[in-house]
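Worksheet: one structure, shown below.
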Amino acid sequence: MTTETGSRQSPEERVRVWLGRIAPEIRSGIGVQNPATDEFVASVPNDGAAAARGAVDRAEAAAAQWRNLVAEERGRLLLRFAERMLEEQDSLAALLTTEQGKPLAEAAGEIRYAASFLRFAAGEAERIYGELVPASQADKRILVLRQPVGVAAIVTPWNFPAAMITRKLGPALAAGCTVVVKPAEQTPLTALALGWLAREAGIPDGVFNIVTGEPAAITGAWLEDPRVRKLSFTGSTEVGRLLMAKASRNLTRLSLELGGHAPFLVFDDADLDRAVEGAVINKFRNAGQTCICANRFYVQAGVYDEFVSRYAAAIRELKVGRGTDEGVSIGPLIDDTGMAKVETHVEDALARGATVREGGKRVRLPGLADRFYAPTLLEGFTPEMLLAQEETFGPVSPAARFVHEEEAIAMANASRYGLAAYFYTRDAARLMRVAEALEYGVIGANDGAPSTAQAPFGGMKHSGFGREGGRYAMEDYLETKYVSWRI
Ligand code: ADP
């Protein structure tokens, strides 16, 4: 297969190629802006309930053909889709950075990560096994069947414009469901590019449908439609709660991957080099705009000063700038609302006694939007601060000191969220004890980057329910039925 994107093209040229490919889907409607420059990139349709229902019509019409394909063939198409994504890695990364802001290298990493969900799900398509359960009567057989739930709706946020779609799309398509997708209004172009690649890979029309526009109208239409059997949502807890209330109407099955408020614990017996490295990778990926980023650091008294000074030195080296510029590791925040939240959290912390060890202010860059925030370390963090109550979604690390393990676990668990938690220790007994005690769905034990396609990603408490990734993700898109067969 030939690609139009040669290796010497600039990011701007690569984006132009993509806008040409998805041109039929970009018309007047919602403007998409480059968060690093405020430049207009393209418009996508501002569709509502009628278009949402139209997408379900198409998904429903394609359902029988898709579910009746042999699993091997569905898997083969998903693999081809994943391969095309990898071939287009650089051009997709350029498009993603243009609408989302993250550094190009991170965007390319997201494309590989996104493709890995399709690749893993492709294999799972062939492993959807039924069972023959021993019956209590000699003349009976009990057959357990696994079947696709039907049309699945997928609603995604802007922070991972590719991976949050494929993490749901892969298992849904592997299971034999057809899907309707609503990407976030800030980042619809990557979603439309994925739709283009899926068609090119041979995924039949109607199997993967994308609707852009009015969030409440689109999702409302889907939850009012009895043909939509499943909604998988990643986003804020507030919107998750709204969707859950609306899902009661048709008892639509739900998976909700909501906000997080990750604690990051460093014990006296930690390998500090690894702890600092893990903290930087974890905290500053996507400028701190991920639901599994550390929101609060608790460091044991014996290593507090050492950890904090090494961490401060490491983050001083991070370059803030436009994602397409060389050497940048922290891009812009997504929008002005995001910036206002970060500033409010920092101001509140300072008013309540925190001190700035590093950063703590905007970074103004000539010719670029005023949307960059310095990597920040605050000391004197306490539970009353807004930083402790809400997700900051920015490059801010508040740190506090602790003395006893039990105290650290209690502070770590004192949150309504339960998505991800991290801790560093070299003591094997402590490692197991702490991992078991933390009330979080994803635990990084000496690991600041736990996300991977094989693992069951998801949260507890106000972080939602359902697991994405690995074989666990398939459960969300399969119905279990049994046949009691009298012979
Ligand atoms: P974030 O704070 O990360 O933007 P949101 O929950 O607001 O998270 O957005 C995640 C997804 O939810 C996006 O696709 C967005 O369009 C959608 N969304 C936002 N508000 C609503 C709403 N009232 N009803 C349904 N979907 C919504």
### Query
Can you tell which of E60, E83 is assigned to a helix (DSSP H, G or I) and either touching a Gly at 6+ places or on another chain (Cβ under 8 Å) or under 30 Å from D225 (Cβ atoms) (or both)?
E60
### Task
Considering (1) within 12 Å of the chain's Cα centre (by Cα); (2) surrounded by fewer than 24 Cβ atoms within 10 Å (Cβ to Cβ); (3) among the small types (G, A, S), say which one S136 fails and leave the rest.
(1)
#### Entry: region 462-487 - residue that is in contact with a Ser or Thr (Cβ under 8 Å, 6 or more places away or on another chain) and part of a strand (DSSP E or B) and, of those, surrounded by the most Cβ atoms within 10 Å (Cβ to Cβ)
G464
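So how many residues does region 439-461 have that are crowded, with 21+ Cβ neighbours inside 10 Å, among the hydrophobic types (A, V, I, L, M, F, W, C) and touching a Pro at 6+ places or on another chain (Cβ under 8 Å)?
Kept after step one, since they are crowded, with 21+ Cβ neighbours inside 10 Å, are these residues of region 439-461: 440-442, 444, 448, 453, 457-459.
Retained after the next criterion (residues that are among the hydrophobic types (A, V, I, L, M, F, W, C)): 442, 453, 457.
Now restrict to residues that are touching a Pro at 6+ places or on another chain (Cβ under 8 Å): 442.
Residues in region 439-461 being crowded, with 21+ Cβ neighbours inside 10 Å, among the hydrophobic types (A, V, I, L, M, F, W, C) and touching a Pro at 6+ places or on another chain (Cβ under 8 Å): 1 in total.
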### Query
Of the conditions (1) surrounded by fewer than 22 Cβ atoms within 10 Å (Cβ to Cβ); (2) away from the ligand (no atom under 16 Å from the Cβ), A279 fails just one. Which one is it?
(1)
### Message
Need pairs with beta-carbon distance below 6 Å; first residue over 22 Å from Y129 (Cβ atoms) and modelled with pLDDT of 95 or more and within region 153-177, second of a type in the set (F, W, Y) and within 10 Å of the ligand (Cβ to nearest atom); sequence gap 6+ or separate chains.
### Response
A153/W222; V155/F233
### Message
Can you tell me which residue is nearest to the ligand (Cβ to nearest atom) among those in region 384-405 that are surrounded by fewer than 20 Cβ atoms within 10 Å (Cβ to Cβ) and acidic (D, E)?
### Response
E390
### Task
Give region 446-461 a look and list any residue that's of a type outside the set (D, E, K, R) and assigned to a strand (DSSP E or B), or say none.
F457, M460
### Task
State all residues of region 307-343 that are exposed (fewer than 14 other Cβ atoms within 10 Å of the Cβ), over 16 Å from N159 (Cα atoms) and either in contact with a Lys or Arg (Cβ under 6 Å, 6 or more places away or on another chain) or touching a residue at least 24 places away in the same chain (Cβ under 8 Å) (or both); if no residue qualifies, say none.
R316, G327
#### Entry: Complete set of residues in region 87-122 that are surrounded by fewer than 21 Cβ atoms within 10 Å (Cβ to Cβ) and either aromatic (F, W, Y) or in contact with a strand residue (DSSP E or B) (Cβ under 7 Å, 6 or more places away or on another chain) (or both)
Y113
### Task
Test each condition in (1) in contact with a Lys or Arg (Cβ under 7 Å, 6 or more places away or on another chain); (2) part of a helix (DSSP H, G or I) for S43 and report the one that comes out false.
(2)
### Summary
So, first residue in the same structural domain as L19 (by TED's automatic domain parsing) and closer than 17 Å to W18 by Cβ in region 190-208, second residue in a helix (DSSP H, G or I) and of a type in the set (K, R), Cβ within less than 7 Å, six or more apart or across chains; the pairs are W196/R21; L197/R84; E200/R84; A201/R80; A201/R84
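Can you tell me which residues in region 176-209 are among the β-branched types (V, I, T), surrounded by fewer than 23 Cβ atoms within 10 Å (Cβ to Cβ) and within 16 Å of the ligand (Cβ to nearest atom)?
Selection gives nothing.
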### Task
Report, by residue number, each residue of region 244-262 that is over 30 Å from Y424 (Cα atoms) and in contact with a helix residue (DSSP H, G or I) (Cβ under 6 Å, 6 or more places away or on another chain).
K246, A247, T252, L254
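Kindly provide the set of residues from region 210-246 that are more than 14 Å from the ligand (Cβ to nearest atom) and either modelled with pLDDT under 95 or surrounded by 19 or more Cβ atoms within 10 Å (Cβ to Cβ) (or both), ordered by number. Walk me through it before giving the result.
Quick first cut of region 210-246, residues more than 14 Å from the ligand (Cβ to nearest atom) only: 225-227, 229-230.
Across region 210-246, the qualifying residues are D225, R229, K230.
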## Note on the structure
Residue hits (region 256-293; closer than 19 Å to G323 by Cα, among the aliphatic types (A, V, I, L, M) and touching a strand residue (DSSP E or B) at 6+ places or on another chain (Cβ under 7 Å)) are A287
### Query
Only one of (1) in contact (Cβ under 8 Å) with a residue 60 or more places away in the chain; (2) within 15 Å of the ligand (Cβ to nearest atom) fails for P103. Which number is that?
(2)
### Message
Exactly one of these conditions fails for E436: (1) buried (at least 20 other Cβ atoms within 10 Å of the Cβ); (2) over 29 Å from L169 (Cα atoms); (3) not basic (K, R). Give me its number.
### Response
(1)
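Applying the selection to region 394-437, what residues are in a strand (DSSP E or B) and within 12 Å of Y298 (Cβ to Cβ)?
Residues of region 394-437 in a strand (DSSP E or B): 396-402, 417-418, 420-424.
Matches in region 394-437: S397, P398, A399, A400, R401, F402, A421, Y422, F423, Y424.
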### Task
Please find, among D335, D273, the residue that is over 25 Å from the mean Cα position of the chain (by Cα) and of a type in the set (D, E).
D273
### Task
Could you list all residues from region 91-133 that are closer than 30 Å to L333 by Cα and either more than 22 Å from the chain's Cα centre (by Cα) or among the acidic types (D, E) (or both)?
E99, E106, E110
## Note on the structure
Among (1) at pLDDT 95 or above; (2) within 13 Å of the ligand (Cβ to nearest atom); (3) assigned to a loop (DSSP other than H, G, I, E, B), N250 falls short only on (2)
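The values are calculated or read from the model by the stated rules, or taken from the named source; none is laboratory data. If you're wondering where the values come from, they're calculated on a predicted model, not measured in any experiment. Note: ideal-geometry Cβ built from the backbone for every residue, glycine included; neighbour counts use all protein chains shown.
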